[in-house]
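Scroll down for the structure; my scribbles are underneath it.
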């Protein structure tokens, strides 16, 4: 299966804007241009000569940027938000998903590809990888199981969440096999103001007067 189909991206993108967070060498951005998307933006913390060559052959823009930085708050919204091979590299995956969702227009789509833990529990959980315990790569932090990934996507504001691909496991982490999964969802709420773009806390847990708040925000 080719990457485009694996991630469940639309066949045609005329009239749609597109951002690829973690674009690497820019191949998906070039494909988005070919399928009619405009504008198309690639974002990555790293760059390479191969990315430069891809950009010379295709009409898309690139920003070397940490998506969790304050600079990312200045980015516009896009119809299609794609992020592949990034979630397990960040210390706080939920914060990344919030930031990605806030790059998307209301009613737009978000496409995520990441490692996934397949094992005995169906409860939402993430496996922590200290050191280089996942694929001998010290930059890997977390692997969610599929229920956890879908719950996180729902929390950040996605609906109609569906799995578009699941690769065979290629790594073992304790009782869990680690494979790769692609999921997509529709953005059901957007960022209406600058404050909405800031990574959220749960305000109901934070009492606004002296006292101790409980899980339901009641001060006693």
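The values are calculated or read from the model by the stated rules, or taken from the named source; none is laboratory data. Treat the numbers as computed from the prediction; the structure is a model and nothing was measured. Ideal geometry is used to build each Cβ from the backbone, glycine not excepted, and the neighbour counts take in all protein chains shown.
A few notes on this one:
- For the range 109-127, a residue qualifies if it is surrounded by fewer than 19 Cβ atoms within 10 Å (Cβ to Cβ) and either under 27 Å from residue 16 (Cβ atoms) or free of Cβ contacts under 8 Å to residues at least 24 places away in the same chain (or both), and exactly one does: 125.
- Residue in the range 64-101 that is nearest to residue 6 (Cα to Cα), counting only those that are surrounded by 22 or more Cβ atoms within 10 Å (Cβ to Cβ) and more than 11 Å from the chain's Cα centre (by Cα): 80
- Residue 106 being loosely packed, with under 15 Cβ neighbours inside 10 Å and either in contact (Cβ under 8 Å) with a residue 12 or more places away in the chain or under 24 Å from residue 180 (Cβ atoms) (or both): yes
Yes/no matrix, rows are residues, columns are (1) closer than 21 Å to residue 130 by Cβ; (2) surrounded by fewer than 19 Cβ atoms within 10 Å (Cβ to Cβ); (3) in contact with a strand residue (DSSP E or B) (Cβ under 9 Å, 6 or more places away or on another chain):
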| residue | (1), (2), (3) |
| --- | --- |
| 142 | yes, no, yes |
| 159 | no, yes, yes |
| 170 | yes, yes, yes |
| 176 | yes, no, yes |
| 179 | yes, yes, yes |
| 182 | no, no, yes |
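- Out of 198, 161, sole residue that is modelled with pLDDT under 85 and closer than 22 Å to residue 81 by Cα: 198
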